[in-house]
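Nothing in this text is a laboratory measurement; each read-out follows from the coordinates by a stated rule. What you are looking at is a predicted structure, and each value in this text was computed from that prediction instead of being measured. Please note: Cβ atoms are built from the backbone with ideal geometry, for glycine as well, and neighbour counts cover all protein chains shown.
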Amino acid sequence: NEVVSLRYKLDKEKHLKIFRTINWYFLFVSFLYFYGKEALLHFKSSTSTISHLSELAKVTYDYSRPIIFTLYVAGLVAFILSLRNDSLRYQFSQLTWTLLTLWLVVGQTHFSMQYLYDGLIWILLPHGLIIVNDIMAYFFGIALGRKFISRPLFALSPSKTWEGFIGSMLFTVMFAFFVSPYLALSDWLICPAGHYDFQKSICDVNSFNHGAIFLPAKYKVPYFLSIFTTEYINILPLQIHAVFFALFSSLIAPFGGFLASGIKRAFNKKDFDSIFPGHGGFMDRVDCQLLMCAFVYIYVTTFVKKELSPIETLEYQILQLEEEQRKHLLSRFL
């Protein structure tokens, strides 16, 4: 709503009775597309649900794609029927802006929900590194800004300095490397959904396919660093992954903030909103986080989680079943 409202013009909108409603409708459809099947899967498998509601959820789940497509087409038809000759340019620009916003916000946050199930550490570590980088960029900028490089880092944000950018990157990489092992000590953080033993308060890292990254491994030190330490060191593979997260949060993620700055300047806005006094709106706080969502999802699924064999996939799916469901499945083969 904060982003869409940037282009809101009261004198135009008051003559377009349902146009604002159509924007919210597309938000609703996008939520259904990204999150509907997961919610319906849980709902239809619940044994405590009223039978006719459970059956309705099952049918909706089985035909979710054509249902969502129908809802999308209905929204498109409603938009076309709402067009007015004196507001065509405004209406089409608002529709384009709305769809772009849905991709930037809803689409990116959908990625975070995918790797959240692999352990809370994949939320806390990479997204926390962006906060660390942002804070340290401020302090390095205050302490060293323009003392070595006079040019601003980004023309649309003259307060951003190269010293702050480079200093925060170096600090964030070191912070990620040395702090990530302490996060790995918490079974509650590293354990994927369904693998944590609440009775014993432990997580067996051998029970999920990427558990080895939380166990020490022997690595050969690069030649240019061997003068500072031994030839081999024992570290967690997680620490290496953390360095890549730190590099992305320092080099690429800030451009999400630069994009937000450009958008606000284009519409002569200082902040997206004022719900946080002195800090702006929600988007002002998470603008750098949006790119990180997609990166963490792609990185974790490509470089962290091993591709399961069909047998391993079947074992994992069986482990996700409740005890009664496992007994029912076993009875089908006896």
### Message
Starting from the 7 Å offset along Cα-to-Cβ, what nm value, one decimal, do you get for the label separation of L319 and S226?
### Response
3.9 nm
### Message
On a full-extension model of 0.36 nm per residue, what is the gain between N234 and F178, subtracting their alpha-carbon distance, rounded to one decimal in nm?
### Response
18.9 nm
### Message
Checking the table K306/K327; K147/K264; K218/K306 against a 23 Å threshold on Cα-Cα, which pairs fail?
### Response
K306/K327; K147/K264
#### Entry: Efficiency of FRET from Cβ geometry, Q114 and L81, R₀ 51 Å, rounded to 0.05
0.90
## Note on the structure
Here, S93 and S207, labelled 7 Å along Cα→Cβ, have an inter-label distance in nm of 5.6 nm
#### Entry: Length gained when the stretch A155-K327 is fully extended (0.36 nm per residue, less Cα-Cα span)
55.5 nm
#### Entry: For region 90-226: relative contact order, % (alpha-carbon pairs under 8 angstrom, 6 or more apart)
20 percent
